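Please treat every number below as a calculation from the coordinates, not as lab data. Because the structure is a prediction, the values reported are computed rather than measured. So basically every Cβ, Gly included, is an ideal-geometry build from the backbone, and we count neighbours across all protein chains shown.
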Amino acid sequence: NCYLAVYGWMQNVPQPSAHNLVEYYIVEAWVNYNPSSGATNLGTFQTSDGATYTLARSTRTNMPSIEGDRTFPQYWSVR
């Protein structure tokens, strides 16, 4: 199992977000296992170059983060 992705965090997310901290992955390619499986599918979108991505969200509860153990949303954008 492997994937090629951009990974990051956003802090001080503006309202109306209920969370101050967001973890995200932008996955360009994956093999054998879709890393967003198990997350809630939020739909798809298409980029200007014709690539289609699926957007998914899950909630990480009391998990390690850049601010210590927190509860935060985790977003996946998977090609």
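Summary of values
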quantity: Subset tally (residues that are within 27 Å of residue 31 (Cβ to Cβ) and surrounded by fewer than 10 Cβ atoms within 10 Å (Cβ to Cβ)) for the stretch 48-79; calculated: 4
quantity: Exclusive hit being surrounded by 11 or more Cβ atoms within 10 Å (Cβ to Cβ), among the aromatic types (Phe, Trp, Tyr) and more than 19 Å from residue 62 (Cβ to Cβ), set 7, 25; calculated: 25
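One line per residue, one yes/no per condition, for (1) of a type in the set (Ser, Thr, Tyr); (2) farther than 18 Å from residue 73 by Cβ; (3) in contact with a strand residue (DSSP E or B) (Cβ under 9 Å, 6 or more places away or on another chain):
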| site | (1), (2), (3) |
| --- | --- |
| 13 | no, no, yes |
| 19 | no, no, yes |
| 29 | no, yes, yes |
| 32 | no, yes, yes |
| 36 | yes, no, yes |
| 39 | no, no, yes |
| 42 | no, no, yes |
| 49 | no, yes, no |
| 56 | no, no, yes |
